[in-house]
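Asks: Can you read through this structure? Questions will come right after.
Each value in this text was obtained by applying a stated rule to the coordinates, not by laboratory testing. These numbers were taken from a predicted model, which means no experiment stands behind them. With ideal geometry, Cβ positions are generated from the backbone for all residues, glycine too; neighbour counts draw on all protein chains shown.
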Amino acid sequence: MLAHDALKLPTKLPFIDALPMKKRNLAYKILIKLGIIKRYGHAVITVYHKDGSISKGEGYNTVMDAGKGELADLMIGVVTNTLNAMNMGTSDASPNDSTLNDLVSPATPVERLAIPAGGRFRTNLLITCSVLIPSTKYTRPLTAKEIAIYFDPTQTGKIFARATITAVTLNAGDSGRLDYEIST
């Protein structure tokens, strides 16, 4: 096995990508638990509603070609970027297109959320990145259906991965948290 094969995450599973969102997420969970898919990313948005209730949207990702290239450059020392920004959007288009450079439909106004130094950590073989969503960020109401993680917080920075998630709505006054976990 080549070294790059060990890093390969599921990117094209058309028989699963064709399923409705809830069934797609369940299929990924089953394939991961059975060990059929050994490498993956799991994205979650937790919304803290102003009435005190909590809701979540979650899904699994596709690693983009740009992300694979940036990761390869990082491994050979050509770049020094780390996973340091996230954003969410409103498209639920299946993440089977690995050629994307950004979200299909980013939340407005388009602004990536920088991951703070304390928002990135590794436990054994699990990398976790987290960022808070202020109640004043983005035009509301916003129904989030996609999450991306980037190597660079600038609008032209390279996307690493994109996940479609079960839809969750942020209304005026709601805050939230984006979490991205990558099993290595």
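Asks: Pairs LYS22/LYS68; LYS56/LYS158; LYS22/LYS56; LYS50/LYS145; LYS68/LYS137: which are spaced more than 23 Å apart, C-alpha to C-alpha? Don't skip to the end; give the middle numbers.
Replies: Working: LYS22/LYS68 27 Å; LYS56/LYS158 26 Å; LYS22/LYS56 13 Å; LYS50/LYS145 20 Å; LYS68/LYS137 29 Å.
Beyond 23 Å between Cα atoms: LYS22/LYS68; LYS56/LYS158; LYS68/LYS137.
Asks: Run a plain Debye calculation on the range 44-135 (Cα atoms as equal point scatterers, no solvent) and give log10 I(q)/I(0) at q = 0.13, 0.16, 0.17, 0.22 Å⁻¹, rounded to two decimals, same order as the q list.
Replies: Results for the range 44-135 at q = 0.13, 0.16, 0.17, 0.22 Å⁻¹ read -0.56, -0.86, -0.97, -1.51.
Asks: What is the mean projected area of the alpha carbon convex hull for the range 90-148, to one decimal in square nanometres?
Replies: Quarter of the Cα hull surface area: 5.4 nm².
Asks: Read phi for every residue in the range 121-131 and hand back ³J(HN,Hα) as whole Hz from Karplus 6.51 cos²θ - 1.76 cosθ + 1.60, θ = phi - 60°, with x for Gly and Pro.
Replies: 7, 10, 10, 6, 10, 10, 9, 10, 10, 9, 8
Asks: Label the range 63-184 by shape, choosing from rounded, prolate and oblate, from the square roots a ≥ b ≥ c of the eigenvalues of the Cα gyration tensor; if a/c is under 1.5 it is rounded, and otherwise prolate applies when a/b is larger than b/c, oblate when it is not.
Replies: prolate
Asks: What does the charge count near SER135 come to, summing +1 for each Lys or Arg and -1 for each Asp or Glu among other residues with Cβ under 14 Å from its Cβ? Display every interim value, and only then the final one.
Replies: Details: positive: LYS50, LYS137, ARG140, ARG177; negative: ASP51, ASP174.
That sum, taken over residues with Cβ under 14 Å, equals +2.
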